[in-house]
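Novice: Quick one: the structure is below, and I'll ask about it shortly.
The values are calculated or read from the model by the stated rules, or taken from the named source; none is laboratory data. Since we're looking at a predicted model, the values are computed, not measured. Positions of Cβ are backbone-derived with ideal geometry, glycine not excepted, and every protein chain shown enters the neighbour counts. Accessible surface is based on the protein model in full, side chains and every heavy atom, while ligands, DNA and RNA are left aside. Shrake-Rupley method; radii C 1.70, N 1.55, O 1.52, S 1.80 Å.
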Amino acid sequence: MPDTLTHQEAQLRFNEHTLPCPEGLTLAALLDAQGVDVNKVATAVNGEFVPRSLRAQTRLSAGDAVLTFQAIVGG
């Protein structure tokens, strides 16, 4: 292998940031590590809404796009 090739760490997008994506990372762990107030945001992974109750079991993969946003309620 040429010496110019480097090992690229698995990454994901979190809002506007590129972050490492270690194997086994969950959405809940990512939010905690980023200091997100989980009671004040809604979440989506790759454009799909993830309910608060499923964050701990939602595993993230390299290349995923995670978005937090202000939940809007009303009628």
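Novice: In nm², what is the average projected area of the convex hull enclosing the Cα atoms of segment 19-75?
Specialist: Seen from a random direction, the Cα hull of segment 19-75 projects 4.1 nm² on average.
Novice: Restricting to DSSP H runs of at least four residues, report the calculated mean residue ellipticity at 222 nm for the chain, -39500 (n - 2.57) per run over all residues, nearest 500 deg cm²/dmol.
Specialist: Counting only the DSSP helices, I get -2500 deg cm²/dmol.
Novice: Now for a different question. Search the structure for amide H atoms under 5 Å from the amide H of residue 60, placed 1.01 Å from N in the peptide plane, and list their residues when 5 or more places away or on another chain.
Specialist: 25, 26, 27
Novice: Which whole-Hz couplings ³J(HN,Hα) result when phi for each residue of segment 55-69 is put into the Karplus expression 6.51 cos²θ - 1.76 cosθ + 1.60, θ = phi - 60°, listed in order with x for Gly and Pro?
Specialist: Taking θ as phi minus 60°, the curve returns 4, 5, 9, 8, 7, 9, 10, 3, x, 5, 10, 10, 10, 10, 8 Hz for segment 55-69.
Novice: Under a 1.4 Å probe, what is the accessible area of the chain per residue, stated in Å²?
Specialist: Computed with neighbouring chains in place, this is 74 Å² per residue.
Novice: Quick one: if you stick a label point 7 Å off each Cα along the C-beta vector at residue 71 and residue 36, how many nm between them?
Specialist: 1.3 nm
Novice: Still on this structure: How much of the accessible area of the chain, probe 1.4 Å, is carbon plus sulfur, in whole percent?
Specialist: Roughly 53 percent of what the probe reaches on the chain is carbon or sulfur.
Novice: OK, next. Before anything else, pin down the relative contact order of the chain: Cα pairs under 8 Å, at least 6 apart, normalised by residue count, whole percent.
Specialist: 37 percent
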